[in-house]
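What follows is a single structure, written as structure tokens, with notes after it.
Just so you know, all these numbers are worked out from the coordinates, no wet-lab data involved. Bear in mind the structure is a predicted one, so any value in this text is a computation, not a measurement. Methodologically, a virtual Cβ is constructed for each residue, glycine included, from the backbone with ideal geometry; neighbour enumeration extends over all protein chains shown.
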Amino acid sequence: MDKKRLIATIYIKNGVLVVGKEDDSPVGEPEKIARMFNDCGIDNILLMDISDNAEGHKRSMATIKDINRILEVTAYGYGWIENINDVRDYLFAGCEKVILNSSNPEITNLIVDAGNRYGKDKLSLSLDSVDVLFKQKTAIEENFDDLFLFSKDIIEAVEHLTDVPYYAFIEGDDINPYVEAMKNEHCIGVGGYILDKSTTDIMLLKYRFRDMGIPVYIFESSLDWSEFKLDNEGLIAVVTQDYTTNEVLNYGYMDEEAFKETMSSGKMAYYNKETKQVARHGMGTGQYQYVKSLSVDCHKQALLAKISQVGNACHTGNYSCFFTEILRKDYIEKNIFKLLENKYNNISARKAEPTEGSSTAKLFELGLNEILKKLQNVTTEMMLCSKDSDTDALPNHIADLLYITMVLMCEYDIRWDDITREMGER
């Protein structure tokens with residue numbers, strides 16, 4: 001049996017994250033909710049727009065774009081889709097796939113148009129009944145990568161009608177219906193009430209599923225604890241880094257219990273030499289360290305943990321424990337992403353708070369046409385330089401092109417995260 005995925009749903013109405021379809025009470029800030037689901041062990045995210053008007057949908061799309069800037073797990077877009085342009089908007093907002101609603105009166109045309117334009121790997125179909133499957137079985141199998149079943153009553157029928165894999169959505173907090181659904185051959189995962197709750201320990205739930213015979217994605221070390229070279233106290237040193245910036249956050253130790261706790265929970269746990277106890281980092285404060293990767297050095301005597309830090313890593317309130325500088329030598333920043341991000345932030349600041357005499361602020365003041373004219377001029381200069389094989393001047397023109405490109409990005413609130421996501425998918 002293939003490993004099954006757990007999918008959580010984030011409901012968005014008029015740009016605001018809400019409890020669900022029947023309860024539009026706000027649940028929190030998009031960034032905070034997105035980071036929680038991104039790190040907790042959930043395998044996929046369903047971003048469901050339940051807006052009731054076009055203006056609300058537009059605000060929801062902006063929120064979906066902000067959420068997708070944070071998410072690293074696959075996100076499906078679902079909800080307000082009236083035509084092929086709405087499908088495009090979800091994809092442009094960062095959704096890996098878009099779910100079409102089989103109850104949409106225009107579904108026949110949408111299946112053909114969306115399938116021809118975007119391909120089946122970008123499309124899914126939601127089913128509340130099997131009627132459309134009876135009527136358009138061939139078109140569905142040709143144009144959709146997977147299905148979303150929002151009624152568990154149709155699971156058995158779908159199993160017999162098609163080989164297209166599906167996600168089954170379950171109501172209630174009894175885990176047995178989730179288990180029964182995942183036992184089916186073509187079920188690739190489940191969603192539902194349990195998985196949407198912020199209080200659910202997803203990694204603990206995964207281990208419960210595994211113990212009930214359901215293969216799921218969990219942390220599994222390729223090395224046994226006995227293979228590590230421990231110090232005279234039976235411990236192994238651990239260096240922890242922010243997985244996005246590589247900033248070193250803290251240094252600690254693990255014994256076997258802490259190692260196993262880290263593997264099972266997906267959150268960093270350490271052995272405290274003073275108390276002689278194991279504790280999960282952030283316990284009591286919520287400032288957890290979600291594990292992204294664990295590596296061991298060539299001598300197998302130290303671990304490197306790359307993590308997503310909630311809040312601060314240090315008990316002093318600093319983000320990193322290494323905040324006391326004892327020596328510094330000036331140097332040129334050569335971390336490419338950090339350099340581009342810093343430059344982008346400077347350009348964005350000039351747009352938000354124009355500085356007198358700033359050429360960047362002047363460009364924003366003159367507007368889009370002037371920015372495009374500048375982009376055209378810089379591109380032309382770079383092309384002429386390339387044609388003349390002037391490799392001494394070419395880096396200068398490329399730097400100019402990157403600068404004006406970032407000005408254009410700021411004009412439309414496009415960030416480097418959006419660009420790297422696009423490049424990562426190619």
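Between the beta carbons of Ser264 and Ser103, assuming R0 = 41 Å, the FRET efficiency works out to 0.50 to the nearest 0.05. Placing unit charges on each Cβ (+1 for Lys and Arg, -1 for Asp and Glu) gives the chain a dipole about its Cα centre, and among Leu375, Gly77, Thr420 the Cα reaching farthest toward its positive end belongs to Leu375. Each Lys and Arg adds +1 at its Cβ and each Asp and Glu adds -1 at its Cβ; summed about the Cα centre, segment 336-424 shows a dipole of about 100 debye. The amide H of Val18, built 1.01 Å from its N in the peptide plane, has Tyr11, Ile12, Lys13, Val27 as neighbours under 5 Å, considering only residues 5 or more places off or on other chains.
Dipole magnitude for the chain: about 800 debye, using +1 per Lys or Arg Cβ and -1 per Asp or Glu Cβ, origin at the Cα centre.
Of the residues Thr285, Ser264, His315, the one whose Cα sits farthest towards the positive end of the charge dipole of segment 245-387 is Ser264 (charges of +1 on Lys and Arg Cβ, -1 on Asp and Glu Cβ, taken about the Cα centre). Diffusion coefficient (Stokes-Einstein, Kirkwood radius over C-alpha pairs, 25 °C, 0.890 mPa s) for segment 225-309: 191 µm²/s, rounded to a whole number.
Per residue, the average separation of C-alpha pairs within less than 8 Å and at least 6 apart gives segment 1-88 a relative contact order of 33 percent. Here is the list for segment 324-426: chymotrypsin sites (Phe, Trp or Tyr not before Pro) lying in DSSP coil, each with at most 11 other C-beta atoms within 10 angstrom of its C-beta, are Tyr331, Tyr412. Taking Cβ atoms as reference points and 12 Å as the exclusive limit, the residues near Asp23 contribute a net charge of -1, counting Lys and Arg as +1 and Asp and Glu as -1. When the Cα gyration tensor is reduced to axis lengths a ≥ b ≥ c, the ratio a/c is 1.5 or higher for segment 336-424, and with a/b not above b/c it is classed as oblate.
Anisotropy class assigned to the chain is oblate, per the alpha carbon gyration tensor with a/c at or over the 1.5 cut-off and a/b no larger than b/c. Averaging the sequence gap over all C-alpha pairs within less than 8 Å and six or more residues apart, then dividing by the number of residues, gives segment 336-424 a relative contact order of 32 percent. With 30 Å as the limit, the listed pairs Lys32/Lys183; Lys229/Lys329; Lys3/Lys120; Lys97/Lys197 have Lys32/Lys183; Lys229/Lys329 beyond it between alpha carbons. Sites listed here are GluC sites (Glu not before Pro) in segment 145-218 whose DSSP assignment is loop and whose Cβ has at most 12 other Cβ atoms within 10 Å: Glu171, Glu185.
Charge tally for Val239 (other residues, Cβ to Cβ under 13 Å; Lys, Arg +1; Asp, Glu -1): -2. Restricting the GluC sites (Glu not before Pro) of segment 61-104 to loop positions (DSSP other than H, G, I, E, B) with no more than 13 neighbouring Cβ atoms within 10 Å leaves Glu82.
Taking 0.36 nm per residue of separation and subtracting the Cα-Cα distance, full extension of the segment from Ser389 to Tyr412 would add 4.9 nm.
For the chain, relative contact order (Cα pairs under 8 Å, six or more residues apart, normalised by length) works out to 10 percent.
When the charge dipole of the chain is built from unit charges on Cβ atoms (+1 for Lys and Arg, -1 for Asp and Glu) and taken about the Cα centre, the candidate among Ser198, Tyr167, Phe219 whose Cα reaches farthest toward its positive end is Phe219.
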